[in-house]
Amino acid sequence: MISTAIRVARVGSAAELAAAVLMMLGFPCLMLAALVPSVPAFAAAAAVTYLADHYLHRKGSYLINRLSKVRAGLSIRFLIRQLLLILLLARLSLADDLISYGAIACFIAFYGLQAPHGALVTLIRNRRRMPVATRNVDLKSRIRIPDAPPRRLLHRSAEKMLHLDLAAVAGVLVSAATGSAVAGFAGIGVTLVLGGLYVLALTPYVRGRRIPPRAETVLAAVDDWLREYRPETVLYFSGSKDSAYQVNMWLETMEQLDTRPLIILRERVILNNLAPTTVPVICVPGGVHLMNMDLSTVRVALYAANVGKNIHLLRVPTMKHVFIGHGDSDKLASVNPFSKVYDEVWTAGRAGRDRYAIADVGVRDDDIVEVGRPQLAPIRTWQGVPEGRIPTVLYAPTWEGWDDNPGNTSILLAGENIVRRLVTADPPVRVLYKPHPFTGTRSPQAKAAHQRITALVEKAAAERAADPRFTADAAAQAAARAELTRIEARIAELVGVGDKGRDEAELTRDGIVDVRRHEEIARLRAEWNTAYWRSFPSWEHRVITGAEPRLYDCFNVSDAMVSDISSVVSDFIASGKPYAVTDSAELGEEEFKRQNTAVRAAVILTNSAAELGGLLAAVRDPAADPLAGDRKELKRYLLGPDEPKSIDQFNTAVANLALKAETRNLGQQSRITAGGPDVELADALPGQRTSGIGDADGVAAG
């Protein structure tokens, strides 16, 4: 029942739900205490509402936002409490007492301070919001960006300001209880003085040298940096906060380019969710600002998603435009008709080319280039099960999706059967269960199935730990756990350096990556991964959730995988290891393989998972694996050849396309020179800044 209430109220925990209930009940209790009247009861109810309100704000509760939508926002709640205090004084026959007049005057004056306080906070935040936010771009030597106000002044500022009435409320209640006005006027004085000081403390940050430079100055500094850096290849991305993974997967590839890379983002929320990188990053929310930016040295623009804002860069003819996508799969997004607006479309292997040919959406075969998948470099190819270790099978199902299609995930109909057969397999195997992070977020049935599967794995792990046939090196595992603790502390120390509490302007000014720190974090994460797998026995079943260890790390310690239709299958194929995919929609093996290229070398499971024996047999005796040849052929078809390396193919494709862009630009320049004054302005080689001026209407349209 409590879990249902938590889900309905959209709160994060039982404590949060309790705080919400107490706050809701607190205000009727305040009214009742004022009408009775009872000073102790009023004080107790007031304390409950203060504490519950503060707790919900600190947790960032969804209910706080909902209350604002129904005219019960933060200011209203404080005003109601103050009005009920005045009612309490009236019911105590203190309406004509000096303390009553003082309380009324205090609360009026206190609300008079809210206007300048709110205006100053808004003005400071607006002025410190940069027209262009950057990372790894040296603006510090070009413009002066002042320090932000202390975080304690702006963080949850409205809540802090309103809570200053606590002194006045407490003082007035003491006066009402004792009959002495001293405590009341002392509290009133404290509230008004602190409120005034808060306003005065904010005032200097809207004047003089504490104001960041104007937008034109910042944009000029960015252009100056661009002219000095001379970027050649741009990764352009726009999307929602949940889509940041689509650009994050390309960061390491951008770091390995032979040309000078640049990342251009369009939303601040993506910049905030961007993984650490050494590549310069520019976030340009405004379309006009982007079109007026000097990108004249860029020859290749890469696009990881098909979104409307791509038009703001696609319009520039001096660079060639490429759709690289964000994964290889048989989904419809992989053959989006929008892709024909790009000069080229890059796919991992031949399969991507064939998808466009079959879909017939207007993408020419000549415009498709196979470049492999550089992101898959960390996945190691299979050398068989190491001697002395039982095989490991990874179960990595995808989530339930946005509808109730039974083919979305195996968790609902097959998950328990899969895990039960794996944990009872003879000879034994070790099971790693790594569900999709969205599992159970939409479907209660999927969440319940996930919980049952988790319980199955944990029960089997406990039974195996008690089995004398399975032994463990307790000392080695304790040492590994100690190593994990040390590494985690060091990573937290390194990650926490510098950025905590900084606003957008400060991060733009100081956001130059410390390369040594960046490299140390990468090294420590690799050490963490090694220590993690040593921290428990190699035969222990495990449920793995969270960001670490990563999916590819699970690939590398596994000897086989069971999954569903998703990019996870395509990525796992890079390992060459046996895999099984569940036909949860019961299409039948032949139709299932016809519709999904990535399963053509898989063991196809029905919802009973009775076919798992074929997968386990292939793991135990690779020489007798009937699908080994098919997997090798499918890997090449989906992901391209192993040699040359994918990153080399990618760099070659960038270089070839840059040459085409340069050839086109030189041809245009020659045409202008030969044409003389009769050549129209529209025929001239477009400069980024010039061409952007006449297209202001096009920005809105795009």
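Since every read-out is calculated from the coordinates, none of them should be taken as a lab result. None of these values were measured; they are calculated from a predicted model. Neighbour counts run over all protein chains shown; Cβ positions are idealised from the backbone, glycine included.
Side notes on the structure shown:
- Across the chain, C-alpha contacts under 8 Å between residues 6 or more apart give a mean separation that, scaled by the residue count, equals a relative contact order of 14 percent.
- If you take all other residues with their beta carbon under 12 Å from the beta carbon of Arg125, and give Lys and Arg +1 and Asp and Glu -1, the sum is +1.
- Listed residues Ala476, Ile487, Gly511: farthest to the positive end of the dipole of region 473-535 (Cβ charges): Ala476
- Under 17 Å from Lys59, Cα to Cα: lysines that are on another chain or at least 8 residues apart: Lys160
- Rounded to 10°, Cα long-axis angle of helix 39-58 versus longest principal axis of the chain: 30
- Enclosed volume per residue, in Å³, of the convex hull spanned by Cα atoms of region 275-333: 127
- Extension gain (nm, one decimal) between Thr606 and Thr652, 0.36 nm per residue minus Cα-Cα: 12.2 nm
- Where only C-alpha atoms are counted, convex hull volume of the chain per residue in Å³: 205
- Overall Cα dimensions of region 524-583 - principal axes, largest extent first, Å: 35, 23, 22
- Neighbour-limited loop hits for trypsin sites (Lys or Arg not before Pro), region 281-368 (at most 12 other Cβ within 10 Å; DSSP other than H, G, I, E, B): Arg364
- Rounded to the nearest Hz, the phi-derived 3J(HN,Hα) couplings of region 166-173 under the Karplus curve 6.51 cos²θ - 1.76 cosθ + 1.60 (θ = phi - 60°) are 4, 4, 5, 4, 5, x, 5, 5, where x marks glycine and proline.
- With each label modelled as a point 7 angstrom along the Cα→C-beta vector, the Gln246-Glu159 pair spans 3.3 nm.
- Per-pair calculated FRET efficiency, R0 = 30 Å: Arg151 and Ala47 via Cβ, rounded to 0.05: 0.65
- For a straight C-alpha distance cut-off of 20 angstrom, the aspartates and glutamates reachable from Lys459 (same-chain residues fewer than eight places away being disregarded) are Glu416, Asp426, Asp467, Glu540.
- Glu633/Gln477 FRET efficiency (R0 25 Å; Cβ-Cβ; nearest 0.05): 0.05
- Packing-based ranking, highest mean first, of 179-186, 287-294 given that Cβ atoms within 10 Å are counted: 287-294, 179-186
- Note on region 436-479: Cα-Cα pairs beyond 15 Å make up 61% of the total pair count.
- Between Lys140 and Arg486, the contour length at 0.36 nm per residue exceeds the alpha carbon distance by 121.1 nm.
- In the chain, a dipole from Cβ-located charges (positive for Lys and Arg, negative for Asp and Glu) runs towards its positive end, and of Ala396, Ala466, Leu74 it is Leu74 whose Cα lies farthest in that direction.
- Alpha-carbon Debye profile of region 583-625, log10 I(q)/I(0) at 0.14, 0.27, 0.29, 0.30 Å⁻¹: -0.35, -0.95, -1.01, -1.03
- Annotation: peptides 257-269, 154-166, ranked by per-residue average of other Cβ atoms within 10 Å with the highest first, follow the order 257-269, 154-166.
- One decimal place: the segment Leu659-Thr530 gains 42.1 nm when fully extended, by the rule 0.36 nm per residue minus the C-alpha distance.
- Diffusion constant of region 473-535 at 10 °C, which comes from Stokes-Einstein with the Kirkwood Cα-pair radius and 1.306 mPa s, µm²/s: 120
- Computed E for Asp403/Ile672 - FRET, C-beta separation, R0 56 angstrom, nearest 0.05: 0.55
- Unsatisfied cross-links (Cα-Cα over 26 Å) in the set Lys434/Lys593; Lys309/Lys635; Lys140/Lys309: Lys309/Lys635; Lys140/Lys309
- Ratio of Rg to Rh over region 225-278 (Cα coordinates, Kirkwood Rh, two decimals): 0.97
- Region 16-75 - convex hull of alpha carbons, volume per residue in Å³: 75
- Sequence-distant residues sharing a close amide H with Tyr395 (under 5 Å, placed H): Leu432, Tyr433, Lys434, Val562
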